[in-house]
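Shown next, in structure tokens, is the structure this report addresses.
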Amino acid sequence: MAAMPDSHVVQGAASASAPDLSTAWLRVFLDVARFGSFTVAARTLGWTQSAVSRQIASLESALGGAVLFDRLPRGVRLTEAGRVLVPHAEAVVERLHGAGRELAALREVSGGQLRVGAFATADAALVPRAIAAFRARHPGVRLTRREGLTPVLLEQLSAGGLDLAVVSTTGRAPLDAYALHHLLDESLYVAVPADHPLADAPSVRLAQLADADWISGSPRPEGTLLDAAVRHGFRPRVAHVVAEWTAKQGYVAAGLGVTLVPALAAESVRPDIVLLPVHDEGAPARAVYAATARGRSLSPAAAAFLGALREAAAKIPT
């Protein structure tokens, strides 16, 4: 015999107009109303008839002594009070069923939403591959993506606007305030025109390009990839400020300067420019992380997407 649910009154501020009701009572009430019989309802529930009777008695007591059923020689029949209660009980039980379905979807990563942010070059290969894998496995999750600089993404993460953000150590953002999940360390390349004097070199030191015209997303090197040049004792001459990566390549191909390209964007380089690995023994590689808000539980969807990011990161040459 199945265990009978607890029939205690749910804790709360009791009042005559809004009694505290056990949802178990309401479910039993609806079963009895549907079958018109304590006996049939008990058989369906796997309980004894006396257990069903006690549940209904408890419900009637919580409702101020309202009689919900007329007890007949054969079965029971709803009273006027019972007929009034039916739609309310149905609404409560359906809402709880709906909540249960939504919670199960979140737990099984078959529903809900996931809000992801990423910096621009992570969108070249890492993030799209992770999204493709995630959507193939969890098509019921509504995934939205935002692009931005690491400091902006971290602000959105703190404000609750993102569940997870792919960020990097470029820009010296205060990463220590977040929960960080390491994805990869990426090296840097210098993109030069195909006819550049250094185009055939196996690698290059940034100091060799101290006199070059540079193409950058900002007129100042601080907070950008060109921070690496500052560490080498020279301030690069930014000749053209270009934000978008494919546009930067166009400027390089036209012979208007050189630019730094991180490993995440290296796969999408056009064929009329050359990538030279930066030989920089004293400089740390740029680290890429999946950041989440510290102290907040990682949702099942976010955990699954983190797994997809790690899989994608493992396939990217760095």
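Annotations for the structure displayed:
- So GLY223, is it on the phi < 0 side of the Ramachandran plot, out of contact with any helix residue (DSSP H, G or I) (no Cβ under 7 Å at 6 or more places or on another chain), surrounded by 15 or more Cβ atoms within 10 Å (Cβ to Cβ) and not aliphatic (A, V, I, L, M): no
- Test for SER110: is it in contact with a His (Cβ under 9 Å, 6 or more places away or on another chain) and within 23 Å of TRP25 (Cα to Cα): no
- Test for ALA132: is it closer than 21 Å to ALA314 by Cβ, small (Gly, Ala, Ser) and either in contact with a strand residue (DSSP E or B) (Cβ under 9 Å, 6 or more places away or on another chain) or modelled with pLDDT of 90 or more (or both): yes
- For HIS182, the conditions (1) under 24 Å from VAL109 (Cα atoms); (2) surrounded by 16 or more Cβ atoms within 10 Å (Cβ to Cβ) are fulfilled apart from (2).
- Checked against (1) touching a helix residue (DSSP H, G or I) at 6+ places or on another chain (Cβ under 8 Å); (2) at pLDDT 95 or above; (3) more than 14 Å from LEU306 (Cα to Cα), GLY117 passes all but condition (3).
- Filtered residues of region 243-253 (kept if of a type in the set (Gly, Ala, Ser) and either touching a residue at least 24 places away in the same chain (Cβ under 8 Å) or at positive phi (or both)): ALA243, ALA253
- Among the candidates ALA239, ALA243, the residue that is touching a Gly at 6+ places or on another chain (Cβ under 6 Å), surrounded by fewer than 20 Cβ atoms within 10 Å (Cβ to Cβ), within 19 Å of LEU153 (Cβ to Cβ) and among the aliphatic types (A, V, I, L, M) is uniquely ALA243.
- Subset of region 152-197 [over 23 Å from VAL258 (Cα atoms), in contact (Cβ under 8 Å) with a residue 60 or more places away in the chain and polar (S, T, N, Q)]: SER158
- All positions within region 127-163 that are of a type in the set (D, E, K, R) and part of a helix (DSSP H, G or I): ARG129, ARG135, ARG137, GLU155
The values are calculated or read from the model by the stated rules, or taken from the named source; none is laboratory data. Because the structure is predicted, anything quoted here is derived from the model rather than measured. Heads up, the Cβs are rebuilt from the backbone with ideal geometry, glycines too, and the neighbour counts pull from every protein chain shown.
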